[in-house]
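Trainee: Take this structure, written in structure tokens, and hold onto it; I'll ask about it next.
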Amino acid sequence: MPQQLTIGLFGFGVVGEGLYKILLQTPTLNAQIKKVVIKHADKIRNAPDELFTTDADELLSDPEINVIVEVINDTDAAFRIVSTALKNGKAVVSASKKMIAENLPKLLLIQEATGAPFLYESAACASIPVIRNLEEYYDNDLLSAIQAIANGSTNFILSRLFDDGISFSEALETAQELGFAETDPTLDVDGHDAAYKLQIILAHAYGIICQQNDFLFSGIRNIGLRDAQYAREKGYQIKLVAQARKLENGGLAAFVLPQFIKSTHPLALVKDEYNGVLIESGFSDQQFFYGKGAGSFPTASAVLSDISALSYNYRYAYKKLAQNKGGLGLSDDYFLSIYLSFEENTPIPLHHFESIEEWHREPGFNYITGRISVKTLWRNELWRQRGQSLILLPDAISDKPSTRRDTLKASLEAFLN
Ligand code: HSE
């Protein structure tokens with residue numbers, strides 16, 4: 001028999017209100033919200049006044065409440081709420097990807113000590129059931145790669161830039177109005193949000209627990225109209241892709257970077273606030289998950305699915321962590337094929353490139369494409385500067401340096417020196 005769930009909800013913003021409305025339409029779930037904790041008591045809300053309180057302890061110590069759902073913006077407060085609720089023996093559902101990604105080691109220990117379940121499907125790719133699938137379905141040995149568009153706001157902005165030709169700031173404003181963007185939208189635009197999601201995905205896909213600065217990530221801030229023009233000429237789209245791929249050296253390549261995507265690639269279908277996850281796995285080859293990655297109801301639908309899973313006593317087993325035991329780790333020993341566009345008079349350190357494919361110069365538009373080692377990208381932050389835009393070429397990852405003799409690089413170096 002499914003358990004009766006009495007919910008204490010923290011947060012009544014985009015996701016909290018969405019969940020409240022969805023629960024009203026799903027009576028068979030046997031789950032009711034008893035109280036909602038809000039920060040500002042004087043705001044007008046579309047729900048009865050008696051539902052709301054500003055007293056967190058009222059919910060955290062209420063023995064009748066057996067599930068805490070936390071969908072607030074404040075990372076530190078979210079961690080306090082989640083850890084206290086788990087310690088008080090309550091099941092917890094959270095949508096706070098930053099809080100989860102930053103505190104996963106502590107949250108694992110608390111789950112182990114308390115035995116209380118903690119679910120967060122909505123924290124990665126919102127409505128796409130990626131965490132539970134990675135956790136339950138895929139064997140670690142066979143999961144060779146994951147490529148994900150994991151941030152709805154940046155995908156929305158890139159779609160608007162490409163399809164409607166509107167400006168970056170206008171597109172970001174719309175993403176904010178529609179409730180896709182974070183309260184601090186730099187988290188979206190600079191790639192942090194996609195990187196938090198990649199951290200969560202790595203834990204459930206490969207049993208790798210890492211911090212954000214353990215892998216390379218950037219966002220879409222430096223992408224300009226010229227880059228979009230280059231993409232169009234080549235028949236590509238530009239997407240911010242969070243990805244992981246097993247390398248021949250036994251390590252895992254993982255990063256979040258913008259990438260040119262061929263029109264035949266499944267991720268090219270992913271537009272607006274949608275997310276997409278392409279999984280490559282032994283024997284099954286490619287599988288593609290697609291769904292809304294941001295917004296009130298899509299995110300709340302994943303929270304609802306966690307609540308429903310709790311009613312059947314579901315919990316994450318963290319199977320890959322148990323399987324991995326430190327065997328598979330992140331590697332920086334591989335190469336990426338990149339496109340780097342830059343402004344006139346920017347010194348481009350050609351010697352950093354391991355090989356060069358193309359070099360283009362015209363007034364107002366300069367770019368270079370070639371292969372570079374990830375260690376060099378880590379050490380050399382030049383490409384993050386304004387006026388420079390680094391975008392991965394399709395099929396960017398290679399294990400080994402190029403073996404062909406790079407005559408273009410040699411002649412360019414001679415020409416420029
Ligand atoms: N700001 C996030 C995004 C919300 O745009 O994907 C969903 O996690």
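The values are calculated or read from the model by the stated rules, or taken from the named source; none is laboratory data. This is a predicted model, so every value here is computed, not measured. Counting neighbours? That spans all protein chains shown, and the Cβs are built from the backbone with ideal geometry, glycine included. To get the accessible areas, we keep the full protein, side chains included, count just its heavy atoms, and leave off ligands, DNA and RNA. Shrake-Rupley method; radii C 1.70, N 1.55, O 1.52, S 1.80 Å.
Trainee: State to the nearest 20 debye the size of the charge dipole of the stretch 136-264 about its Cα centre, where the only charges are +1 on K and R beta carbons and -1 on D and E beta carbons.
Mentor: 500 debye
Trainee: Can you compute the charge dipole magnitude of the chain about its Cα centre, using +1 on each Lys and Arg Cβ and -1 on each Asp and Glu Cβ, nothing else charged? Give it in debye, rounded to the nearest 20.
Mentor: 660 debye
Trainee: Which percent of the accessible area of the stretch 274-417 is formed by carbon and sulfur heavy atoms (probe 1.4 angstrom)? Kindly include the intermediate steps, with their values, before the conclusion.
Mentor: Working: 3760 of 7180 Å².
After summing per-atom areas, the C and S share lands at 52 percent.
Trainee: Also, I was wondering about something else. Determine the distance separating the Cα centre of the stretch 301-349 from the Cα centre of the stretch 122-183; give it in Å without decimals.
Mentor: Their Cα centres are 13 Å away from one another.
Trainee: Another question about this same structure. Where does helix 407-416 land angle-wise versus the long Cα axis of the chain, in degrees 0 to 90, nearest 10?
Mentor: Its long axis makes an angle of about 80 degrees.
Trainee: Of all GluC sites (Glu not before Pro) in the stretch 27-89, which ones are in loop regions per DSSP and have a Cβ with at most 12 other Cβ atoms within 10 Å?
Mentor: Glu64
Trainee: Between the stretch 47-69 and the stretch 263-296, what is the C-alpha centre distance in whole Å?
Mentor: Each part's Cα centre sits 37 Å from the other's.
Trainee: Could I ask something else about it? Kindly rank 214-225, 375-386 from highest to lowest mean number of other beta carbons found within 10 Å of each residue.
Mentor: Going by the mean number of other Cβ atoms within 10 Å, highest first, we get 214-225, 375-386.
Trainee: Size of the dipole of the stretch 123-192 about the Cα centre, Lys and Arg at +1 and Asp and Glu at -1 on the beta carbon, nothing else charged, in debye to 20?
Mentor: 120 debye
Trainee: Normalised by the residues of the chain, what does the relative contact order come to in percent, with Cα pairs under 8 Å and at least six apart?
Mentor: Computed over the chain, the figure is 17 percent.
Trainee: Can you list residues from other chains, or at least 5 along the same chain, whose modelled amide H is less than 5 Å from the amide H of Ala181?
Mentor: The answer is Gln176.
Trainee: Treating the angle as unsigned and between 0 and 90°, give the value, to the nearest 10°, between the Cα long axis of helix 168-177 and the longest Cα principal axis of the chain.
Mentor: Its long axis makes an angle of about 10 degrees.
Trainee: By its C-alpha gyration tensor, with a ≥ b ≥ c as the square roots of the eigenvalues, how is the stretch 143-199 shaped: rounded for a/c under 1.5, else prolate for a/b larger than b/c, else oblate?
Mentor: Because a/c hits 1.5 or more and a/b fails to exceed b/c, the stretch 143-199 counts as oblate.
Trainee: Using a probe radius of 1.4 Å on heavy atoms only, what accessible surface per residue do you get for the chain? Whole Å² is fine.
Mentor: Ligands and nucleic acids excluded, the result is 43 Å² per residue.
Trainee: Further question: Rounding to the nearest 10 and keeping the result within 0 to 90°, find how far the Cα-based axis of helix 296-310 lies from the longest principal axis of the chain.
Mentor: Roughly 60 degrees between the two axes.
Trainee: Pick out, from Leu225, Thr75, Ile208, the residue whose Cα sits farthest towards the positive end of the charge dipole of the chain, with +1 on the Cβ of Lys and Arg and -1 on the Cβ of Asp and Glu.
Mentor: Ile208
Trainee: If I take every Cα pair under 8 Å that is 6 or more residues apart in the stretch 272-330, average their sequence separation and divide by the length, what percent do I get for the relative contact order?
Mentor: So the answer I get is 22 percent.
Trainee: Continuing with this model, one more query. Only bridges with both residues in the chain count here: give the DSSP antiparallel percent, nearest 5.
Mentor: The answer is about 70 percent antiparallel.
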